[in-house]
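The values are calculated or read from the model by the stated rules, or taken from the named source; none is laboratory data. Fair warning: this is a prediction, and the values are worked out from it, not measured in the lab. All Cβ positions, glycine included, derive from the backbone under ideal geometry; neighbour counts span all protein chains shown.
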Amino acid sequence: MTVPPTDSSTVEGVRSVPAGGEAAGRPLRILTLVGSLRRNSWNRRLALAAKSLAPPGVEVVLWERLTELPHYNEELEHAPGPAVEELRAEARRADALLLVTPEYNGAPPSALKNAIDWLSRPAGAAPIAGKPAAVTGGSVSSFGALWAQQVARRALMIAGARPLERELPVGKIDQRFSGEELADEATAQALRELLRELAEAARSEGSEPTFASTTPGRREA
Ligand SMILES: Cc1cc2nc3c(=O)[nH]c(=O)nc-3n(C[C@H](O)[C@H](O)[C@H](O)COP(=O)(O)O)c2cc1C
């Protein structure tokens, strides 16, 4: 059953044709957020690997100011502050979004969810509405932060983005690097493929938002 969205942010603002990117004579820009705030984060290393594995014509841009975002509060919407303004501007400028997340107790870290919440508003003009998105991440366990990625994907979808229909869990992430370098070729190849799919989604025309077609039974607010 298709349930209509409860606010216009999931429909209005959806771009059927990417506004910029190669069509505008510049590389496709993938705004990348990392859920871990740790300096030595494995997930940050994975995001940095994505920068170097991006296909030709695609630029992976990390935005690393999640700690400067206030906790989401609707009362701040009239003046959310410079970090929120910058994040929203970066999202509007981007052709696609990449989230790289660890798993904390079965979910993405709150800093990353907070960023998604800021990016889901203003209602009707969400900066990520209609943007293709991909989610990856890893954990030291063999499950590879899959639950966190599923939660993040669902949140993106409800916020009006167009996440790919899969995640990319990286299990035992601590064993896949040699220092800062991604040393595991299978992981590198999987990441390349994810970025290729994301770039293809950003280039595709006439895409529909996935929320209305695939999200079952969203509750009325
Ligand atoms: C508060 C907390 C909760 C965690 N919960 C999970 C979990 O639910 N599932 C899991 O696979 N790993 C869990 N871990 C382990 C993380 O996967 C591991 O610390 C990972 O290296 C964090 O990513 P980072 O290196 O990018 O910071 C947890 C770690 C912390 C600190």
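When the residues of the stretch 21-67 are filtered to those that are among the polar types (S, T, N, Q) and surrounded by fewer than 19 Cβ atoms within 10 Å (Cβ to Cβ), the one that is farthest from Glu197 (Cα to Cα) is Thr67. Do we have Ala152 as part of a helix (DSSP H, G or I) and in contact (Cβ under 8 Å) with a residue 24 or more places away in the chain here? Here the answer is yes, as Ala152 does meet what is asked. Flag not set for Ala133, criterion: modelled with pLDDT of 95 or more, within 22 Å of Ala54 (Cα to Cα), assigned to a helix (DSSP H, G or I) and more than 16 Å from the ligand (Cβ to nearest atom). For the stretch 138-152, a tally of residues being polar (S, T, N, Q) and near the ligand (Cβ under 7 Å from one of its atoms) returns 2.
For the stretch 37-62, filtering for residues that are within 14 Å of the ligand (Cβ to nearest atom) and at pLDDT 95 or above leaves 14. Looking only at the stretch 25-61, residues that are without any contact (Cβ under 8 Å) to a residue 40 or more places away in the chain and either on the phi > 0 side of the Ramachandran plot or in contact with an Asp or Glu (Cβ under 7 Å, 6 or more places away or on another chain) (or both) come to 2 in all. Set side by side, the residues Asp174, Asp117 differ, and just one is outside any strand (DSSP E or B), surrounded by fewer than 22 Cβ atoms within 10 Å (Cβ to Cβ), within 16 Å of the ligand (Cβ to nearest atom) and not aromatic (Phe, Trp, Tyr), which is Asp174.
The listed residues are Ala126, Ala91, and the only one of them that is part of a loop (DSSP other than H, G, I, E, B), of a type in the set (A, V, I, L, M), modelled with pLDDT of 95 or more and in contact with a helix residue (DSSP H, G or I) (Cβ under 9 Å, 6 or more places away or on another chain) turns out to be Ala126.
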